[in-house]
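Have a look at the structure below, then the notes.
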Amino acid sequence: MSVTHDARIQIRSPASAAPRQAARGWPDLNNPAAWIVAIILLIMPLIANGFFLIEIFATTLMLGTIALSLMFLAGYGGMVSLMQLTIAGFCAYMVAVFGTSDNANISLGWPWWLAVPMALTLATIFGTLGGALAVRTEGIYTIMITLAIGAAFYYFTNQNWAIFNGHTGINNVATPHFWGVDWRADVPFYYVVLVVAALCYFAVDYISRAPFGLALQGVRDNPRRMAALGFNVNAHRVAAYAVASFIAGLAGVLQVWNYRQISPGSVSVGACIDILIIAIVGGITRPIGPYIGALVFVLLRTFALDFLVKIGLDGNRFRLLIGLGFLAIVFWSSDGVIGLWQRWRRSHRPQSDRPGVGRGHG
(Lines give C-alpha, C1' and ligand atoms only; values in the text may rest on other atoms or scores of the structure.)
Protein backbone atom coordinates (compact mmCIF):
# COMPACT_ATOMS: atom_id res chain seq x y z
CA MET A 1 0.00 0.00 0.00
CA SER A 2 1.37 3.39 -0.94
CA VAL A 3 2.07 6.22 1.45
CA THR A 4 -0.39 8.45 -0.40
CA HIS A 5 -3.18 5.92 -0.15
CA ASP A 6 -2.72 5.53 3.58
CA ALA A 7 -2.56 9.31 4.00
CA ARG A 8 -5.98 9.55 2.40
CA ILE A 9 -7.32 6.95 4.76
CA GLN A 10 -6.11 8.99 7.75
CA ILE A 11 -7.58 12.21 6.40
CA ARG A 12 -10.99 10.61 6.01
CA SER A 13 -11.05 9.69 9.70
CA PRO A 14 -13.00 12.58 11.31
CA ALA A 15 -12.23 11.54 14.87
CA SER A 16 -8.51 12.02 14.52
CA ALA A 17 -8.05 14.36 11.56
CA ALA A 18 -9.89 17.40 12.92
CA PRO A 19 -7.70 18.15 15.95
CA ARG A 20 -4.51 17.48 14.04
CA GLN A 21 -5.46 19.75 11.20
CA ALA A 22 -6.16 22.49 13.75
CA ALA A 23 -2.80 21.88 15.37
CA ARG A 24 -0.90 21.92 12.09
CA GLY A 25 -2.58 25.07 10.94
CA TRP A 26 -1.44 27.11 13.95
CA PRO A 27 -0.85 29.97 13.57
CA ASP A 28 -3.62 30.44 11.02
CA LEU A 29 -2.45 32.69 8.20
CA ASN A 30 -5.96 34.12 8.05
CA ASN A 31 -5.54 35.25 11.64
CA PRO A 32 -4.58 38.94 11.89
CA ALA A 33 -2.34 38.14 14.88
CA ALA A 34 -0.09 36.01 12.66
CA TRP A 35 0.35 38.88 10.21
CA ILE A 36 1.02 41.33 13.05
CA VAL A 37 3.80 39.08 14.38
CA ALA A 38 5.26 38.72 10.87
CA ILE A 39 5.26 42.47 10.32
CA ILE A 40 6.90 43.09 13.71
CA LEU A 41 9.65 40.60 12.86
CA LEU A 42 10.22 42.26 9.49
CA ILE A 43 10.53 45.77 10.92
CA MET A 44 12.42 44.69 14.04
CA PRO A 45 15.70 46.38 12.91
CA LEU A 46 13.82 49.69 12.91
CA ILE A 47 12.66 49.38 16.52
CA ALA A 48 15.41 47.40 18.25
CA ASN A 49 19.07 48.16 18.87
CA GLY A 50 21.90 45.80 18.01
CA PHE A 51 21.83 44.02 21.36
CA PHE A 52 18.16 43.10 21.23
CA LEU A 53 18.31 42.38 17.51
CA ILE A 54 21.07 39.77 17.77
CA GLU A 55 21.32 38.64 21.39
CA ILE A 56 17.55 38.34 21.90
CA PHE A 57 15.68 37.92 18.62
CA ALA A 58 18.31 36.34 16.36
CA THR A 59 19.42 34.02 19.17
CA THR A 60 15.78 33.10 19.78
CA LEU A 61 15.35 32.17 16.12
CA MET A 62 18.54 30.10 16.06
CA LEU A 63 17.78 28.16 19.24
CA GLY A 64 14.17 27.85 18.12
CA THR A 65 15.27 26.27 14.84
CA ILE A 66 17.35 23.66 16.68
CA ALA A 67 14.39 22.99 18.98
CA LEU A 68 12.17 22.80 15.88
CA SER A 69 14.21 19.82 14.69
CA LEU A 70 13.55 18.17 18.06
CA MET A 71 9.86 19.07 17.85
CA PHE A 72 9.67 17.46 14.39
CA LEU A 73 11.05 14.19 15.77
CA ALA A 74 9.11 14.19 19.04
CA GLY A 75 5.84 15.74 17.89
CA TYR A 76 5.38 13.90 14.60
CA GLY A 77 7.59 10.85 15.11
CA GLY A 78 7.35 10.20 18.84
CA MET A 79 11.16 10.17 19.13
CA VAL A 80 12.82 12.39 21.73
CA SER A 81 16.36 13.15 20.60
CA LEU A 82 18.89 14.91 22.82
CA MET A 83 21.55 15.10 20.11
CA GLN A 84 20.03 17.91 18.03
CA LEU A 85 22.36 20.53 19.49
CA THR A 86 25.22 18.10 18.95
CA ILE A 87 24.32 17.94 15.25
CA ALA A 88 24.18 21.73 15.07
CA GLY A 89 27.56 21.93 16.83
CA PHE A 90 29.06 19.32 14.49
CA CYS A 91 27.91 21.37 11.51
CA ALA A 92 29.38 24.51 13.07
CA TYR A 93 32.70 22.74 13.57
CA MET A 94 32.69 21.57 9.95
CA VAL A 95 32.08 25.13 8.74
CA ALA A 96 35.13 26.20 10.76
CA VAL A 97 37.23 23.26 9.55
CA PHE A 98 36.42 23.60 5.86
CA GLY A 99 36.22 27.39 5.91
CA THR A 100 38.66 30.04 7.09
CA SER A 101 39.71 30.83 10.65
CA ASP A 102 42.70 31.96 12.72
CA ASN A 103 43.94 28.38 12.96
CA ALA A 104 45.41 27.78 9.52
CA ASN A 105 46.69 24.36 10.58
CA ILE A 106 43.10 23.11 10.92
CA SER A 107 40.93 25.19 8.61
CA LEU A 108 41.19 24.32 4.92
CA GLY A 109 40.34 27.81 3.68
CA TRP A 110 37.42 26.94 1.42
CA PRO A 111 35.02 29.75 0.46
CA TRP A 112 31.80 29.79 2.44
CA TRP A 113 29.69 28.65 -0.52
CA LEU A 114 31.68 25.39 -0.59
CA ALA A 115 32.24 24.98 3.14
CA VAL A 116 28.57 25.37 4.12
CA PRO A 117 27.12 22.71 1.75
CA MET A 118 29.87 20.29 2.78
CA ALA A 119 29.21 20.96 6.47
CA LEU A 120 25.44 20.49 6.01
CA THR A 121 25.98 17.25 4.12
CA LEU A 122 28.27 15.81 6.80
CA ALA A 123 25.98 16.98 9.61
CA THR A 124 22.98 15.34 7.93
CA ILE A 125 24.92 12.10 7.53
CA PHE A 126 26.10 12.30 11.13
CA GLY A 127 22.57 12.82 12.44
CA THR A 128 21.13 10.13 10.17
CA LEU A 129 23.66 7.57 11.39
CA GLY A 130 22.87 8.49 14.98
CA GLY A 131 19.18 8.18 14.18
CA ALA A 132 19.70 4.78 12.59
CA LEU A 133 21.19 3.66 15.88
CA ALA A 134 18.49 5.32 18.00
CA VAL A 135 15.47 3.95 16.11
CA ARG A 136 16.36 0.44 17.21
CA THR A 137 15.19 1.44 20.69
CA GLU A 138 12.12 3.14 22.12
CA GLY A 139 11.20 5.45 24.96
CA ILE A 140 13.80 6.16 27.60
CA TYR A 141 16.41 4.11 25.74
CA THR A 142 16.18 6.43 22.72
CA ILE A 143 16.72 9.40 25.01
CA MET A 144 19.72 7.75 26.65
CA ILE A 145 21.35 6.76 23.33
CA THR A 146 21.02 10.24 21.86
CA LEU A 147 22.26 11.78 25.11
CA ALA A 148 25.24 9.40 25.04
CA ILE A 149 26.04 10.52 21.48
CA GLY A 150 25.92 14.14 22.61
CA ALA A 151 28.11 13.48 25.64
CA ALA A 152 30.63 11.47 23.60
CA PHE A 153 30.91 14.25 21.03
CA TYR A 154 31.43 16.84 23.76
CA TYR A 155 34.28 14.93 25.39
CA PHE A 156 35.79 14.07 22.00
CA THR A 157 35.95 17.72 20.96
CA ASN A 158 37.45 18.58 24.34
CA GLN A 159 40.29 16.11 23.91
CA ASN A 160 40.90 16.18 20.17
CA TRP A 161 43.40 18.81 19.01
CA ALA A 162 44.07 17.71 15.45
CA ILE A 163 40.58 18.54 14.11
CA PHE A 164 38.63 20.36 16.84
CA ASN A 165 41.52 22.20 18.56
CA GLY A 166 40.67 20.87 22.00
CA HIS A 167 39.01 22.93 24.70
CA THR A 168 39.99 26.23 23.06
CA GLY A 169 37.95 25.50 19.95
CA ILE A 170 38.30 27.32 16.63
CA ASN A 171 38.18 31.12 16.72
CA ASN A 172 37.64 33.99 14.27
CA VAL A 173 35.73 31.92 11.74
CA ALA A 174 35.24 33.88 8.52
CA THR A 175 31.71 35.05 7.68
CA PRO A 176 30.21 35.70 4.22
CA HIS A 177 30.96 38.89 2.30
CA PHE A 178 29.37 39.21 -1.13
CA TRP A 179 27.36 41.72 -3.18
CA GLY A 180 29.23 44.37 -1.20
CA VAL A 181 27.44 43.37 2.02
CA ASP A 182 28.92 42.12 5.28
CA TRP A 183 26.29 39.49 6.07
CA ARG A 184 27.46 39.28 9.66
CA ALA A 185 26.56 42.92 10.30
CA ASP A 186 23.61 43.14 12.68
CA VAL A 187 20.79 43.96 10.26
CA PRO A 188 21.79 41.70 7.33
CA PHE A 189 22.52 38.82 9.68
CA TYR A 190 19.16 39.22 11.42
CA TYR A 191 17.35 38.93 8.11
CA VAL A 192 19.41 35.88 7.14
CA VAL A 193 18.43 34.20 10.41
CA LEU A 194 14.80 35.25 9.97
CA VAL A 195 14.62 33.82 6.43
CA VAL A 196 16.22 30.51 7.47
CA ALA A 197 13.90 30.19 10.49
CA ALA A 198 10.84 30.97 8.35
CA LEU A 199 11.86 28.44 5.69
CA CYS A 200 12.41 25.74 8.32
CA TYR A 201 9.08 26.53 9.99
CA PHE A 202 7.07 26.34 6.78
CA ALA A 203 8.99 23.25 5.63
CA VAL A 204 8.08 21.39 8.82
CA ASP A 205 4.49 22.59 8.56
CA TYR A 206 4.31 21.38 4.95
CA ILE A 207 5.94 18.01 5.68
CA SER A 208 3.46 17.39 8.49
CA ARG A 209 0.63 17.52 5.91
CA ALA A 210 2.50 15.68 3.16
CA PRO A 211 2.17 11.89 2.68
CA PHE A 212 5.50 11.31 4.41
CA GLY A 213 4.49 13.39 7.42
CA LEU A 214 1.12 11.66 7.72
CA ALA A 215 2.81 8.27 7.47
CA LEU A 216 5.32 9.34 10.13
CA GLN A 217 2.47 10.30 12.46
CA GLY A 218 0.90 6.92 11.78
CA VAL A 219 4.19 5.27 12.76
CA ARG A 220 4.16 7.34 15.93
CA ASP A 221 0.62 6.32 16.86
CA ASN A 222 0.66 2.65 15.87
CA PRO A 223 3.91 1.31 14.39
CA ARG A 224 2.68 -2.27 14.38
CA ARG A 225 -0.38 -1.41 12.29
CA MET A 226 1.71 0.68 9.88
CA ALA A 227 4.13 -2.21 9.45
CA ALA A 228 1.20 -4.52 8.74
CA LEU A 229 0.03 -2.07 6.06
CA GLY A 230 3.39 -2.42 4.32
CA PHE A 231 5.28 0.61 5.61
CA ASN A 232 8.93 0.35 6.59
CA VAL A 233 8.72 1.78 10.09
CA ASN A 234 12.45 2.16 10.69
CA ALA A 235 13.01 3.73 7.27
CA HIS A 236 10.43 6.43 8.01
CA ARG A 237 12.04 7.11 11.39
CA VAL A 238 15.55 7.32 9.94
CA ALA A 239 14.30 9.64 7.20
CA ALA A 240 12.79 11.86 9.91
CA TYR A 241 16.19 12.01 11.60
CA ALA A 242 17.73 13.06 8.29
CA VAL A 243 15.25 15.93 7.89
CA ALA A 244 15.73 17.01 11.51
CA SER A 245 19.51 16.83 11.17
CA PHE A 246 19.49 19.12 8.14
CA ILE A 247 17.36 21.66 10.03
CA ALA A 248 19.65 21.52 13.05
CA GLY A 249 22.66 21.86 10.76
CA LEU A 250 21.28 25.08 9.28
CA ALA A 251 21.01 26.53 12.78
CA GLY A 252 24.58 25.39 13.47
CA VAL A 253 25.86 27.35 10.47
CA LEU A 254 24.11 30.47 11.75
CA GLN A 255 25.50 29.99 15.24
CA VAL A 256 29.12 29.74 14.13
CA TRP A 257 28.64 32.83 11.97
CA ASN A 258 27.06 34.66 14.88
CA TYR A 259 29.78 33.98 17.44
CA ARG A 260 32.59 33.59 14.87
CA GLN A 261 33.90 30.70 16.94
CA ILE A 262 32.95 27.22 18.09
CA SER A 263 34.20 25.40 21.19
CA PRO A 264 33.23 22.32 23.24
CA GLY A 265 31.22 24.50 25.62
CA SER A 266 28.76 25.11 22.78
CA VAL A 267 27.93 21.39 22.61
CA SER A 268 27.98 20.52 26.30
CA VAL A 269 25.49 18.09 27.82
CA GLY A 270 23.75 20.92 29.65
CA ALA A 271 23.27 22.82 26.39
CA CYS A 272 21.77 19.69 24.81
CA ILE A 273 19.22 19.46 27.61
CA ASP A 274 18.44 23.17 27.21
CA ILE A 275 17.08 22.41 23.72
CA LEU A 276 14.71 19.85 25.23
CA ILE A 277 13.55 22.42 27.79
CA ILE A 278 12.97 24.98 25.03
CA ALA A 279 10.88 22.56 22.98
CA ILE A 280 8.77 21.42 25.93
CA VAL A 281 8.20 24.93 27.28
CA GLY A 282 6.94 26.13 23.92
CA GLY A 283 5.05 22.97 23.01
CA ILE A 284 6.15 19.96 20.96
CA THR A 285 2.97 19.50 18.94
CA ARG A 286 3.18 22.65 16.81
CA PRO A 287 6.07 24.14 14.82
CA ILE A 288 5.60 27.56 16.42
CA GLY A 289 6.11 26.12 19.92
CA PRO A 290 9.93 25.86 19.83
CA TYR A 291 10.27 29.52 18.88
CA ILE A 292 8.02 30.60 21.74
CA GLY A 293 9.98 28.39 24.13
CA ALA A 294 13.25 29.81 22.80
CA LEU A 295 12.05 33.37 23.42
CA VAL A 296 11.11 32.52 27.01
CA PHE A 297 14.46 30.78 27.55
CA VAL A 298 16.55 33.59 26.05
CA LEU A 299 14.75 36.27 28.05
CA LEU A 300 15.23 34.36 31.29
CA ARG A 301 18.85 33.57 30.52
CA THR A 302 19.60 37.19 29.63
CA PHE A 303 17.77 39.08 32.35
CA ALA A 304 17.33 36.60 35.22
CA LEU A 305 20.86 37.21 36.51
CA ASP A 306 20.27 40.96 36.90
CA PHE A 307 16.90 40.30 38.50
CA LEU A 308 18.38 37.99 41.10
CA VAL A 309 21.14 40.48 41.93
CA LYS A 310 18.58 43.26 42.40
CA ILE A 311 16.63 41.23 44.94
CA GLY A 312 19.81 40.32 46.82
CA LEU A 313 20.36 36.76 45.58
CA ASP A 314 23.34 35.16 43.89
CA GLY A 315 23.19 35.96 40.19
CA ASN A 316 24.82 32.63 39.34
CA ARG A 317 21.57 30.93 40.30
CA PHE A 318 19.73 32.29 37.29
CA ARG A 319 19.10 28.73 36.11
CA LEU A 320 16.92 28.30 39.19
CA LEU A 321 14.39 30.68 37.65
CA ILE A 322 14.57 28.80 34.35
CA GLY A 323 13.95 25.53 36.17
CA LEU A 324 11.06 26.93 38.18
CA GLY A 325 9.49 28.38 35.05
CA PHE A 326 9.90 25.05 33.28
CA LEU A 327 8.24 23.17 36.15
CA ALA A 328 5.38 25.65 36.35
CA ILE A 329 4.60 25.45 32.64
CA VAL A 330 4.84 21.66 32.49
CA PHE A 331 2.68 21.35 35.62
CA TRP A 332 -0.12 23.48 34.20
CA SER A 333 0.08 22.39 30.58
CA SER A 334 1.45 19.26 28.90
CA ASP A 335 1.69 21.24 25.65
CA GLY A 336 3.71 24.15 27.00
CA VAL A 337 2.90 27.80 26.46
CA ILE A 338 0.78 27.01 23.39
CA GLY A 339 -1.37 24.70 25.50
CA LEU A 340 -1.84 27.40 28.14
CA TRP A 341 -2.81 29.91 25.48
CA GLN A 342 -5.37 27.61 23.88
CA ARG A 343 -6.81 26.70 27.27
CA TRP A 344 -7.24 30.41 28.04
CA ARG A 345 -8.93 31.01 24.69
CA ARG A 346 -11.33 28.13 25.25
CA SER A 347 -12.22 29.39 28.72
CA HIS A 348 -13.01 32.86 27.34
CA ARG A 349 -14.91 31.66 24.29
CA PRO A 350 -18.60 32.66 24.28
CA GLN A 351 -20.93 29.85 25.33
CA SER A 352 -22.70 29.90 21.97
CA ASP A 353 -19.39 29.26 20.14
CA ARG A 354 -18.44 26.18 22.17
CA PRO A 355 -19.00 22.76 20.61
CA GLY A 356 -22.24 21.11 21.67
CA VAL A 357 -23.64 24.26 23.31
CA GLY A 358 -26.94 25.70 22.09
CA ARG A 359 -27.50 22.91 19.58
CA GLY A 360 -30.70 20.89 19.61
CA HIS A 361 -31.06 17.19 18.89
CA GLY A 362 -33.14 15.81 16.10
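The values are calculated or read from the model by the stated rules, or taken from the named source; none is laboratory data. Values in this document were obtained by computation on a predicted structure and should not be read as measured data. Note that we place each Cβ from the backbone using ideal geometry, even for glycine, and neighbour counts take in every protein chain shown. We work out accessible area using only protein heavy atoms, side chains counted, and drop any ligands, DNA or RNA first. Shrake-Rupley method; radii C 1.70, N 1.55, O 1.52, S 1.80 Å.
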Check your understanding: For the chain, what is the calculated [θ] at 222 nm in deg cm²/dmol (nearest 500), taking -39500 (n - 2.57) for each run of four or more DSSP H residues and dividing by its residue count?
Key -> -21500 deg cm²/dmol
Exercise for review: Taking only protein heavy atoms into account and a 1.4 Å probe, give the accessible area per residue of the chain in Å².
Suggested key: 50 Å²
Check your understanding: Share of Cα-Cα pairs in the range 241-320 beyond 22 Å, in percent?
Key -> 35 percent
**Study point:** Accessible-area value, H177, 1.4 Å probe, nucleic acids and ligands omitted, Å²
**Key:** 120 Å²
Point to revise | Carbon and sulfur %, accessible surface of the chain computed with the full protein complex present, 1.4 Å | key: 66 percent
Point to revise | Rounded to 10°, Cα long-axis angle of helix 336-347 versus longest principal axis of the chain | key: 30 degrees
Check your understanding: Between A104 and A210, how many nm apart are label points set 7 Å from Cα along the C-beta direction?
Key -> 4.4 nm
Revision key, fill the gap. Rounded to the nearest 10 Å², the 1.4 Å probe accessible area of F178 is 60 Å²
**Study point:** Two-site FRET efficiency, A132 against R224, from Cβ-Cβ distance with R₀ of 25 Å, rounded to 0.05
**Key:** 0.75
Practice item. Find which of G249, S101, A198 sits farthest along the positive direction of the dipole of the chain, computed with +1 on the beta-carbon of Lys and Arg, -1 on that of Asp and Glu, about the Cα centre. Key: A198
**Study point:** Solvent accessible area, Å² - V253, 1.4 Å probe, full protein context
**Key:** 10 Å²
Point to revise | Accessible heavy-atom area order of R184, R317, R345, highest first, probe of 1.4 Å | key: R317, R345, R184
Revision key, fill the gap. Given a Förster distance of 22 Å, the FRET efficiency implied by the Cβ-Cβ spacing of A38 and W341, rounded to the nearest 0.05, works out to 0.80
Check your understanding: Taking the Cα centre of the chain as the origin, how large is its charge dipole in debye, to the nearest 20, when only Lys and Arg (+1) and Asp and Glu (-1) carry charge on their Cβ atoms?
Key -> 1240 debye
